[in-house]
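Everything below concerns the one structure shown next.
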Amino acid sequence: MSEEFETMGTELPEKETAEEETKAKEQEGKEPEVIESMDDFTEEIEASLQKIYPGDVMECTVVAVDETAVSVDLDYYAPGKIPPEEMSADPLFSVFTDVQIGDQFKAVVQQADDGAGNIILSKKEADKEFSWEKLEQMKEEETIIEGTVSGVTNSGAVFYVEGIRGFIPASKLDLKYVEDVNPYLGKKIRVQITEVDKDRKKLILSAKELLVEAAAEEKLKKTKSLSVGSVLEGTVEKIMDYGAFVDIGNDLSGLLHISEISEKRIAHPKAVLKVGQKVHVTIIKVENGKISLSMKAAKEAEEEELNEEATEYKSEYVPNNPFAALLKDIKLDD
C-alpha cells in the first residue's frame, strides 16, 4: 500500500509540472507546440478528391515541358497534361521558347482521364473565354507588349496577345503607312492595344504610337547637342505658306520661317526657295526639340566673316616697294 501510494505520489507532481509549464508559456506569450492531425487536412483532402469533368476550368502551374506535352500541377491527386497544339492558337508559338517552369494560367479540361491517369487540358480554349478580361486591363494600363508578327495580309499584320488573334493596320505598323507588309512577317515589334471588343472578337493593336514616342525622345537627345549661332548647310525638304522645313543632317529638320528667309519682304517662300535646294542657315533657337533657322542670320554671319578676313588681310599687307622695305626698320629722331 505504501509503495502504491509512493508511486502515485511521484506521478502526480510530474503531471502538474507539465500543466504548469504550459500555463507558464501561455502567460509568457509563447504558444505551446501544436500537433497536427488528419482533421487539419480535411479541406485539402476533400479538394483533391473532388470530381473533375470535361469543361471544368483549372488553375495550372507548369512543372515540366517536353515535345509531347506541357505538364502542369493542378493541386489535385492526378497530374495534368496539355498537348503543345492546345497551348496557343499562335502558329509561331513554341513550348520550348514561350513556356517557362512556374508559369501559371487557366486551362479547360478536355479529358478527366486519358487512361494513364492524366487529366488532359487545353489552354487555347481557356484563352478564348478568359483572356479578353486581361486584354481590357492591358488596354487601360497602356501595357507595352513585345512579340512577333505571326502573319500578314494586304492591309496589315497578325499579332497574337494572350492567345488571342490581334490585327495591326498597315497605317499603324510604322511612323508612315507601310505599302509592303510582307517584310514584317516574323519580325519582333512592340505594340499597344487600341481596341478590345469581346463580343465581336476584335482586337486592334498599334506600333506607331510607341515609335513616335521613341523618335521624339531621340530627337530631343540630338537637339541638345546643337549650338545656337551655328551656321550649317541644309537642304530644303518641304515648303509651306509660312516657311520651309530644312534638313540639317543627323535626321534633324528645322523651321525656316518666311520672315527669316530674306531681308526683303517676300509673298511666299517659293519666290526664293525650291525643294532640294542647298541653303546656309543659322540656328537661332532650340526649344523642346524644335529647331528655328534663319537664312538672314547666316548671310549676315558670312558677310561679317568676309569683312574680318578683308580687314586682317589689309593689316598684314606690305606694298611691294623696295623703298618701303628700306624705311620699314628706320627710326627717325624727333
Flagged in segment 101-121 as buried (at least 18 other Cβ atoms within 10 Å of the Cβ) and under 15 Å from Val62 (Cβ atoms), in numbering order, are Phe105, Ala107, Ile119, Leu121
Heads up, the strands (runs of 3 or more DSSP E) in segment 93-156 (entirely inside) with at least 3 residues that are under 24 Å from Lys188 (Cα atoms) are 145-148
Those residues of segment 191-210 that are surrounded by 13 or more Cβ atoms within 10 Å (Cβ to Cβ) and not in a strand (DSSP E or B) come to a total of 5
When restricted to Leu205, Leu232, the only residue of a type in the set (A, V, I, L, M) and within 30 Å of His257 (Cα to Cα) is Leu232
In segment 224-234, is there at least one residue being of a type outside the set (Gly, Ala, Ser), crowded, with 17+ Cβ neighbours inside 10 Å, touching a residue at least 40 places away in the same chain (Cβ under 8 Å) and more than 30 Å from Glu303 (Cβ to Cβ)?
no
Expected output for segment 261-276 (first residue at positive phi and without any contact (Cβ under 8 Å) to a residue 24 or more places away in the chain, partner in a helix (DSSP H, G or I) and of a type outside the set (Ser, Thr, Tyr), Cβ below 6 Å, 6+ apart or cross-chain) is none
So Tyr160, is it touching a helix residue (DSSP H, G or I) at 6+ places or on another chain (Cβ under 7 Å) and of a type in the set (Phe, Trp, Tyr)
no
By residue number, the members of segment 137-154 that are charged (D, E, K, R) and buried (at least 17 other Cβ atoms within 10 Å of the Cβ) are Lys139
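Values quoted throughout were computed directly from the atomic coordinates according to the rules given, and no laboratory measurement underlies them. Remember, predicted model here, so these are calculated numbers, not experimental data. With ideal geometry, Cβ positions are generated from the backbone for all residues, glycine too; neighbour counts draw on all protein chains shown.
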